[in-house]
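Step one of this worksheet: look at the structure below.
The values are calculated or read from the model by the stated rules, or taken from the named source; none is laboratory data. Predicted model only: the values in this text are computed from it and were never measured. Ideal geometry is used to build each Cβ from the backbone, glycine not excepted, and the neighbour counts take in all protein chains shown.
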Amino acid sequence: MVEMTQAFDLLDVCYEQIGPDMLMSGSLQPIPDPTPIIPSENETLAIDPTVNPYEPSIIFFYKTWDPYGAFSNFSAHSIKMPEENGGNVTWSSVEHYYQASKFMGVSDSGAKDCIGKIKSAKSPEEAAKVGRSMQRLHPNLVRADWEDVKIDVMYSGLRCKFSSYPYLKSMLLATSGSVLVEASPHDLFWGGGREGEGLNYLGRLLMRLRSEFLGESSTSSESTCLAL
């Protein structure tokens, strides 16, 4: 079942009674202009040397049912991350792990409760809702260095996810040469925004990860050739 939080944003919405049902219709929001979120030539090459900064191909992803929906943090791919005191913890999605990380390392029972609630969330959407709500209502429970480490936390979760599922890694590598953009109209930090005004950090991290994977593959191939 599709949740309302995953529904499309519509313009000029109309409602019509059809028997016992209600028909809702409208126009889709315009596709964001990708131009502002394409990094400069030097920045593009720094993120991923395979991208042609002059004629970039752009791949958008957002909803989990989209062709590239598996790139979303909300995709149903569990990850196993190391605990602070040793061992590993399994998180239902990257979003679960990311939201819980806001409260990790805080010596307060309230922070531990937040982590527990996020971990037990039945969906990535619920995990995001709980994490954001707790951060807003109880800022004292959020780790002091969160703004400094959140990008690294996200990258760790992404690397674990794409390393754990070979088909996801292959899917990411197959986009080599393309700019990846999370087409979120609301999140201007991780996404590209409605009109390309977002920073698109999720897309940038995926391109960085893709570049690292390509580098590892190249090194592995060279080692194999030398061995032969």
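Selection of region 92-108 for residues being at pLDDT 95 or above, surrounded by fewer than 23 Cβ atoms within 10 Å (Cβ to Cβ) and among the polar types (S, T, N, Q) yields only 92.
One residue alone among 215, 193, 203, 198 is in a helix (DSSP H, G or I), at pLDDT below 95, of a type outside the set (A, V, I, L, M) and surrounded by 11 or more Cβ atoms within 10 Å (Cβ to Cβ), and that residue is 215.
Determine if region 172-183 includes at least one residue that is assigned to a strand (DSSP E or B), assigned by TED's automatic domain parsing to the domain that holds residue 70, surrounded by fewer than 21 Cβ atoms within 10 Å (Cβ to Cβ) and small (Gly, Ala, Ser). Yes - at least one qualifying residue is present in region 172-183.
Considering region 123-146 alone, what residues qualify as being more than 18 Å from the chain's Cα centre (by Cα) and without any contact (Cβ under 8 Å) to a residue 40 or more places away in the chain? Hits for region 123-146 are 133, 134, 135, 136, 137, 138, 139, 140, 141, 144, 145. For region 147-164, the criterion of being touching a residue at least 40 places away in the same chain (Cβ under 8 Å) and over 17 Å from the mean Cα position of the chain (by Cα) is satisfied by no residue at all.
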